[in-house]
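Notes for the one structure printed next.
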Amino acid sequence: MLFRSYGGSFLDRSLLLDVRIFKEDFSDIIGETRRLSSDFGIAFDYDQQVNIYTNTASLQVRGIEWQLQYMPSDNIFLRANYSYTDTEGKTIYSLSPERVDLPLRDSNPDNILTFMGSYTSPGGVKWGATYYYKSAYLSKIRKTYVSGDIDMSLLTKPYSRVDLTVAKKWQLGKHSMELSFTAQNVGDDYAEHHYFNQFKSKYIFALKLGTN
């Protein structure tokens, strides 16, 4: 495990920067390995195979992450996050009738990016927006590499997402009340991890009561 990090503050601490470079090695990860049921003296009607959980996977992750935060005043907040990861590794898919090793590359998105910002008006209304981006990755490594070709239906496509929110808070003696409206995923639908996990636009009204 190797880490290199840097943290800095600028402009009288209104600008903050955090950077981390990392390399992580994992071994003896629990993986699902297939074997013929006849190896155990039993038989199944489906495909004559059984799944066994063994510590047969390994993974190496290298990358860089950074975060930049800027607050020029009490009513303005801006933040950007970015991460890049390169993943290599392997797992044993099958031990019988022959051993089959599968690579674990492309099992996570290389690039993840987030921008967020908020502004509080003099009247106390808070406006916020967040932008997310995630690059493509394979959600089903086993089916992809056992067949030898990448099945594009198993590829989680890159997507962008925008969330918007507006909120107003009132102080009522020792109590507080906040009324907010949030629009999640303003734009087209997207799939998250699996193609059937379709995320549609959502609109949420919320009322929050609190005590100081």
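When residue 74 is tested against (1) farther than 30 Å from residue 117 by Cβ; (2) surrounded by fewer than 14 Cβ atoms within 10 Å (Cβ to Cβ), exactly one condition is not met: (1). Candidates are the residues of region 7-31 that are on the phi < 0 side of the Ramachandran plot and without any contact (Cβ under 8 Å) to a residue 24 or more places away in the chain; the one that is most open to solvent (accessible area, probe 1.4 Å) is 10.
If you go through region 107-157 and keep only what is open to solvent by 50 Å² or more (accessible area, probe 1.4 Å), of a type in the set (A, V, I, L, M, F, W, C), over 17 Å from the mean Cα position of the chain (by Cα) and modelled with pLDDT of 75 or more, you end up with just 127. Would a scan of region 62-69 turn up a residue that is part of a strand (DSSP E or B), open to solvent by less than 70 Å² (accessible area, probe 1.4 Å), within 30 Å of residue 209 (Cα to Cα) and at pLDDT 90 or above? Yes, region 62-69 has at least one match. Restricting attention to region 160-200, the residues being modelled with pLDDT of 95 or more and hydroxyl-bearing (Ser, Thr, Tyr) number 3.
Scanning region 92-113 for residues that are closer than 30 Å to residue 80 by Cα and not acidic (Asp, Glu) gives 104, 105, 107, 108, 109, 111, 112, 113. Of all residues in region 80-99, those satisfying the criterion of being touching a Ser or Thr at 6+ places or on another chain (Cβ under 8 Å), open to solvent by 40 Å² or more (accessible area, probe 1.4 Å) and at pLDDT 95 or above are 81, 82. Of the residues examined, residue 47 is not one that is of a type in the set (Asp, Glu), assigned to a loop (DSSP other than H, G, I, E, B), over 31 Å from the mean Cα position of the chain (by Cα) and modelled with pLDDT of 85 or more.
Residue 38 passes all but one of (1) touching a strand residue (DSSP E or B) at 6+ places or on another chain (Cβ under 8 Å); (2) of a type in the set (S, T, N, Q); (3) open to solvent by 50 Å² or more (accessible area, probe 1.4 Å); which number fails? Exception for residue 38: condition (1).
The values are calculated or read from the model by the stated rules, or taken from the named source; none is laboratory data. Everything numeric here is computed off the predicted structure, so don't read it as measured data. Counting neighbours? That spans all protein chains shown, and the Cβs are built from the backbone with ideal geometry, glycine included. Side chains are part of the model used for accessible areas, which takes the heavy atoms of the whole protein and leaves out ligands, DNA and RNA. Shrake-Rupley method; radii C 1.70, N 1.55, O 1.52, S 1.80 Å.
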